[in-house]
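Single-structure report; data block below.
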Amino acid sequence: RGEVELGRRVLVADWRCDWIGIGIAELLATERHEVTLASTGHVAGETLPRYVRDHSLGVLHRLGVNLIPLTRFYGADADTVYLQHMASGDPVIVEGIDSVVFCQGHVANDELGVSLSGDQVGELDIEIHALGDCVAPRTVEEAVLEGLEVASRV
C-alpha cells in the first residue's frame, strides 16, 4: 500500500507460495529495489498453475530477484535476516538486508456481501451465496469449487 518507505535491499518472506509473494517481489524489483524472495515451498509460487508460475519466475529472473526456496523466517537484526531451512532445519543467513516484507495475514473481504444484506436482498428477490475470499482467504481453485457447488444446488 506504499505506507512504509523500504530500504534498497529487501527480503520478501512468503509462507503461502502463491501469487502474493511473487507479485510483491516483482513490484519491488521494478521499483529498483534489490529483492530476495524467501519462500517455504520448493519453488516460489508453487501453489499456482504451472504456466502462471513459470512465467512469473521468468519475470523475476529477468528482474534479478534472488530466490531462496524451502525457508521460513526465523528472525532479523539490524541488517541480517535469519531463515531456517524447512527440510534440514539448518540456519540460512542473508546479510545486507535493509527491509523485510511479510506475505502473511490474509484477511477475508465481505464488503459486497454486507452491502447486499437485509432489505435490499428482499427487494431484489435474489439469493446471496458467499464463497471464495469473502468467506476466508484461499485459492482460486477453492472459490471455483464453491461456485460449482452452489450452482449445482440452484
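Before we move on, is residue 71 open to solvent by less than 40 Å² (accessible area, probe 1.4 Å), in contact (Cβ under 8 Å) with a residue 12 or more places away in the chain, under 15 Å from residue 14 (Cα atoms) and touching a strand residue (DSSP E or B) at 6+ places or on another chain (Cβ under 7 Å)?
yes
May I ask you to say which residue of 88, 56 is more than 16 Å from residue 104 (Cβ to Cβ) and free of Cβ contacts under 8 Å to residues at least 12 places away in the same chain?
Values: 56 fails: free of Cβ contacts under 8 Å to residues at least 12 places away in the same chain.
After applying the criteria, what remains is 88.
Quick one: in region 27-42, which of the residues that are free of Cβ contacts under 8 Å to residues at least 60 places away in the same chain and among the hydrophobic types (A, V, I, L, M, F, W, C) is surrounded by the fewest Cβ atoms within 10 Å (Cβ to Cβ)?
Result: 27.
Are there helices (runs of 4 or more DSSP H) fully within region 50-154 with at least 2 residues that are under 15 Å from residue 17 (Cβ atoms)? List them. Spell out how you get there, then give the answer.
Working: elements: 50-62, 111-115, 119-124, 140-153.
Of the helices (runs of 4 or more DSSP H) lying wholly inside region 50-154, those with at least 2 residues that are under 15 Å from residue 17 (Cβ atoms) span 50-62, 140-153.
Contact list please: Cβ distance under 6 Å, first residue in region 1-17 and without any contact (Cβ under 8 Å) to a residue 40 or more places away in the chain, second residue not in a loop (DSSP other than H, G, I, E, B), pairs at least six apart or on different chains.
Every condition considered, the pairs that remain are 17/39.
Tell me yes or no: at least one residue of region 43-59 is in contact with a strand residue (DSSP E or B) (Cβ under 9 Å, 6 or more places away or on another chain), buried (at least 21 other Cβ atoms within 10 Å of the Cβ) and under 20 Å from residue 87 (Cα atoms).
Keep residues of region 43-59 that are in contact with a strand residue (DSSP E or B) (Cβ under 9 Å, 6 or more places away or on another chain), which gives 43-46, 57.
Among the residues that remain, those that are also buried (at least 21 other Cβ atoms within 10 Å of the Cβ) are: 44-45.
Going one step further and asking which of them are under 20 Å from residue 87 (Cα atoms), we end up with 44-45.
Yes, some residue in region 43-59 is in contact with a strand residue (DSSP E or B) (Cβ under 9 Å, 6 or more places away or on another chain), buried (at least 21 other Cβ atoms within 10 Å of the Cβ) and under 20 Å from residue 87 (Cα atoms).
Looking at region 89-103, is at least one residue open to solvent by 80 Å² or more (accessible area, probe 1.4 Å) and of a type in the set (D, E, K, R)? Can you show your working first?
Initially, region 89-103 is screened for residues open to solvent by 80 Å² or more (accessible area, probe 1.4 Å), giving 90-91, 93, 95, 102.
Right, trim to of a type in the set (D, E, K, R) and you get 90, 95.
So far as region 89-103 goes, yes, one or more of its residues are open to solvent by 80 Å² or more (accessible area, probe 1.4 Å) and of a type in the set (D, E, K, R).
Has region 131-149 got at least one residue that is surrounded by 12 or more Cβ atoms within 10 Å (Cβ to Cβ) and on the phi > 0 side of the Ramachandran plot?
So far as region 131-149 goes, yes, one or more of its residues are surrounded by 12 or more Cβ atoms within 10 Å (Cβ to Cβ) and on the phi > 0 side of the Ramachandran plot.
For residues that are surrounded by fewer than 17 Cβ atoms within 10 Å (Cβ to Cβ) and either in contact (Cβ under 8 Å) with a residue 24 or more places away in the chain or touching a Gly at 6+ places or on another chain (Cβ under 7 Å) (or both), tally how many sit in region 74-85.
3
What single numbered condition from (1) among the β-branched types (Val, Ile, Thr); (2) modelled with pLDDT under 95; (3) assigned to a helix (DSSP H, G or I) fails to hold for residue 4?
For residue 4, the failing item is (3).
Please give the number of the condition residue 17 fails out of (1) open to solvent by 80 Å² or more (accessible area, probe 1.4 Å); (2) modelled with pLDDT under 95; (3) of a type outside the set (Lys, Arg).
(1)
The values are calculated or read from the model by the stated rules, or taken from the named source; none is laboratory data. What you see is a predicted model, and the numbers here were worked out from it, not measured in a lab. With ideal geometry, Cβ positions are generated from the backbone for all residues, glycine too; neighbour counts draw on all protein chains shown. Surface areas here come from the heavy atoms of the whole protein model, side chains and all, with no ligands, DNA or RNA. Shrake-Rupley method; radii C 1.70, N 1.55, O 1.52, S 1.80 Å.
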